[in-house]
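Student: Dropping a structure here in structure tokens format, bear with me for questions.
The values are calculated or read from the model by the stated rules, or taken from the named source; none is laboratory data. The shown structure was predicted, so the numbers you read here are calculated from the model rather than taken from an experiment. Here the Cβ positions follow ideal geometry from the backbone for every residue, glycine too, while neighbour counts run over all protein chains shown. All accessible areas refer to the heavy atoms of the entire protein, side chains included, with ligands and DNA or RNA removed. Shrake-Rupley method; radii C 1.70, N 1.55, O 1.52, S 1.80 Å.
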Amino acid sequence: MNARDIIIRPVITERSMKGITENKYTFEVARSANKIEIKKAVEECFPGTIVAKVRTMNVRGRLRRQGRTEGYTPSWKKAIVTLAEGSKSIEFFEGLY
């Protein structure tokens, strides 16, 4: 699997922005990716970063209604990546918080 296939998009919420001060970055990742693959993909996509820890969780789809019909949003996998102390930060998140 390619590194660009593993990391789908960054998750930008108020809670994930609070984690940036602690070198924690949140990404939506492929459902089949494991922690080792996510670590390698982050280090490959963002040169100069050193990943210390990866936490993953599966997010269930939520029930949504549109008029009479109802359905579920798709389920997805979230990864919280903690960078090492001397690591370079990810520039994408710099102007957001």
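Student: Could you tell me what percent of the accessible area of the chain is made up of carbon and sulfur, with a 1.4 Å probe and every protein chain present? Let's see the in-between values first.
Tutor: On the way: 3270 of 6810 Å².
Solvent-exposed carbon and sulfur of the chain make up 48 percent of the total.
Student: Can you work out the PRE-style zone for ILE8? Point 7 Å along Cα to Cβ, and I want the residues of segment 31-73 with backbone N under 16 Å.
Tutor: Answer for segment 31-73: 31-35, 38, 56-63, 72-73.
Student: Related question: Pick out, from ALA84, THR56, ASN23, the residue whose Cα sits farthest towards the positive end of the charge dipole of the chain, with +1 on the Cβ of Lys and Arg and -1 on the Cβ of Asp and Glu.
Tutor: THR56
Student: Continuing with the same structure: For helix 35-45, what angle does its Cα long axis make with the longest principal axis of the chain, in degrees from 0 to 90 and rounded to 10?
Tutor: With rounding to tens, the tilt is 70 degrees.
Student: Okay, next question. With every protein chain in place, what's the accessible area of LEU83 (1.4 Å probe, Å², nearest 10)?
Tutor: 10 Å²
Student: Now a separate question. Karplus couplings for segment 65-79 from phi (6.51 cos²θ - 1.76 cosθ + 1.60, θ = phi - 60°), rounded to Hz, Gly and Pro as x?
Tutor: Per residue, the Karplus-derived 3J(HN,Hα) values read 10, 9, x, 7, 8, 9, x, 10, 6, x, 6, 8, 10, 10, 10 Hz.
Student: Turning to a different aspect of this structure: What whole-number value in Å² describes the accessible area per residue of segment 1-45 for a 1.4 Å probe? Intermediate values should be presented prior to the final figure.
Tutor: On the way: 2900 Å² over 45 residues.
Per residue, segment 1-45 has 65 Å² of solvent-accessible surface.
Student: Additional query: Hey, what number do you get for the chain at 222 nm if only DSSP H runs of n ≥ 4 count, each worth -39500 (n - 2.57), divided across all residues, to the nearest 500? Write down the numbers at each step before the final one.
Tutor: On the way: 3 runs with 20 residues, N = 97.
The helix-only estimate for the chain comes to -5000 deg cm²/dmol at 222 nm.
Student: Now a separate question. Can you list residues whose amide H is under 5 Å from ALA52's amide H, if they're 5+ apart or on another chain and H is modeled 1.01 Å from N?
Tutor: Those lying under 5 Å, H to H, from ALA52 are THR82, LEU83, ALA84.
Student: Largest first and in whole Å, give the semi-axes of segment 14-73's equivalent ellipsoid, each being the square root of 5 times a Cα gyration tensor eigenvalue.
Tutor: Numbers: eigenvalues 188, 46, 17 Å².
Equivalent-ellipsoid dimensions as semi-axes: 31, 15, 9 Å.
Student: Label-point separation (nm) for TYR72 and PHE92, each offset 7 Å from Cα along Cα-to-Cβ?
Tutor: It works out to 2.7 nm between the two label points.
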